[in-house]
């Protein structure tokens with residue numbers, strides 16, 4: 001089994017147990033080679049309540065980094081998604097790591113979101 005198939009299998013087994021509701025939506029994390037993405041989703045209605053990626057995060061005037069997947073960007077993404085969620089009245093979420101290990105950038109996003117007011 002290759003790496004992508006293992007990831008899909010883990011993602012499917014996690015999603016069997018995790019679901020977002022109106023009171024407690026699901027905060028889903030996705031990694032690509034160049035960026036990180038976070039969405040807060042209400043699965044019952046099938047709607048994305050808010051979302052953000054590292055493509056919109058700029059440090060200083062201009063960022064010279066082509067890949068935005070390090071922990072510095074992950075922490076900034078966690079802070080921004082927490083601020084955006086609290087503006088929309090979302091305090092509690094269910095964290096969906098989407099098959100990725102709770103390590104590195106995934107942990108940095110979660111810790112920064114917790115530090116800025118989200119509960120999970």
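Okay, here's what the table says:
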{"read-out": "Among the candidates 113, 76, residue that is on the phi < 0 side of the Ramachandran plot, buried (at least 16 other Cβ atoms within 10 Å of the Cβ) and at pLDDT 95 or above", "value": "113"}
{"read-out": "Single residue of segment 80-94 satisfying the filter (touching a strand residue (DSSP E or B) at 6+ places or on another chain (Cβ under 7 Å) and surrounded by fewer than 18 Cβ atoms within 10 Å (Cβ to Cβ)) that is farthest from residue 28 (Cα to Cα)", "value": "88"}
{"read-out": "Count of residues meeting criterion [farther than 22 Å from residue 14 by Cα and part of a helix (DSSP H, G or I)] in segment 82-111", "value": "6"}
{"read-out": "Residue in segment 57-65 that is surrounded by 15 or more Cβ atoms within 10 Å (Cβ to Cβ) and free of Cβ contacts under 8 Å to residues at least 24 places away in the same chain present", "value": "yes"}
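The values are calculated or read from the model by the stated rules, or taken from the named source; none is laboratory data. This is a predicted model, so every value here is computed, not measured. Please note: Cβ atoms are built from the backbone with ideal geometry, for glycine as well, and neighbour counts cover all protein chains shown.
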